[in-house]
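Trainee: My questions will all concern the structure given below.
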Amino acid sequence: MPPPNRPYTTYRSQPRGLISRLRGESDAELGQREERPGGGRWPRRSRGRGWTWRRALKYLVLLVIAWLALSFVIFLLSAYTHGNLPASAANALTPGPNMITSTDTVLILGTDQRPRTGPGSKEPGSNYNAAGSRSDTIMLWRIGGGVSRRLSIPRDTVAQIPGHGVGKINAGYAIGGPALAIKTVEAFTGVKINHVIIVNLANFVPFINALGGVDVKTGKVCANISGGTSDGGFTLDLSPGVHHLDGLQALLYARIRENPCNPADSDLTRVQHQQEILNAIRSRLLSASTFFRLPLASWDAPRVLQTDMGGLTLMSLFFASEMGGNTPVKVLKPTGAEYLPAYGDGLVASPSDVRAAVNQLMNG
């Protein structure tokens, strides 16, 4: 039987492709067709579509995801090619759980090694080699599972250096590198260390600059570092208040031990300044302006440090620090002083004060 005469014509709609979906075209629109010259029909788009806020938002989200993915890949690549820790130091660590759902203890060491070029390279008595460097910064960080607590230990604190008798705690690094520094801090505090981060002073300045600087609230500062500018060092002058510091200024602020404008400044306030810089870096990483600098900052970040942690573990450390939030500055306070023949004057912390500080670090 011939098909009945219908007053309309039916068409099969074409498959809806990915590009069409991204354009926001509906299945009904894809099924509409119009006459084309020479026979057949072309798909017909609706008129007056243009850009919509939904379409613009969709492209914006895709762009943000691509930017974050690029920064993440650059971070992993930089972490893979920089900052390898000596095997002896890695072997001295105690394996710990992940830092997203559990808590680890991280030892942060900042050495007095100086860069061979750029800021700080011409200071009198500069040490350019890792061998023989002392750990000017010693900080324990209890981090993970929503916890973020830090304890700074003054570098001149008197401690037992395993196999080498009594000395200043920072001499452990000078004598036996990061492996002995780890063992010295463990013996002094009784805390097992899961990860270590050694800050590379030579790359600290470009990293802060890659972030666009950091905001730090300071008191009155008029300090000369390494003799001041007249002797090849640096001079830092700051009025009380919040300051936007570039990489060099942040480094100088973290190194202040003597400040004529505030005679109370010492090695103890110095470690407080260092913790303030760390908090400022954390806040800066989440700022809108840093988003546009992410690829550059992602490349510079792993170059600042040596660590046993790979790229993924470092990322988990970053997320754990965001979960834990900013923490108040805690410094182990000495109760006296002691002269050490091979080291000079050292700071003495009583065993009870050490136990109390460590208990607060571990248990809050």
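Bear in mind that the values in this text are calculations on the coordinates, not laboratory data. Quick caveat: nothing in here was measured; it's all calculated off a predicted structure. A quick note on method: Cβ atoms are made from the backbone with ideal geometry, for glycine too, and the neighbour counts reach across all protein chains shown.
Trainee: Sticking with the crude label model, points 7 Å out along Cα→Cβ, report the distance from D345 to S289 in nm, one decimal please.
Mentor: 4.1
Trainee: Taking θ = phi - 60°, what integer Hz values does the Karplus form 6.51 cos²θ - 1.76 cosθ + 1.60 yield along region 317-328, in sequence order, with x for Gly and Pro?
Mentor: Taking θ as phi minus 60°, the curve returns 5, 4, 5, 5, 5, 5, 5, x, x, 5, 10, x Hz for region 317-328.
Trainee: Taking 7 Å along the Cα-to-C-beta vector as the label spot, tell me the K217-F72 distance in nanometres, rounded to one decimal.
Mentor: 3.5
Trainee: So which lysines pass the test for K183, namely a Cα distance under 16 Å, with those fewer than 8 places away in the same chain ruled out?
Mentor: Straight-line reach from K183, under 16 Å: K168, K192.
Trainee: Using a 7 Å offset from the Cα along the Cα-to-Cβ direction at both E258 and Q272, what is the distance between the two label points in nm, to one decimal?
Mentor: Inter-label distance under the simple model: 2.0 nm.
Trainee: What list of ³J(HN,Hα) couplings, whole Hz, do you get for region 339-356 from phi and the Karplus terms 6.51, -1.76, 1.60, once you set θ to phi - 60° and write x for glycine and proline?
Mentor: 8, 10, x, 8, 10, x, 6, x, 9, 10, 10, 5, x, 5, 5, 5, 4, 5
Trainee: Using every Cα-Cα pair within region 69-363, state what percent have a distance larger than 27 Å.
Mentor: 39
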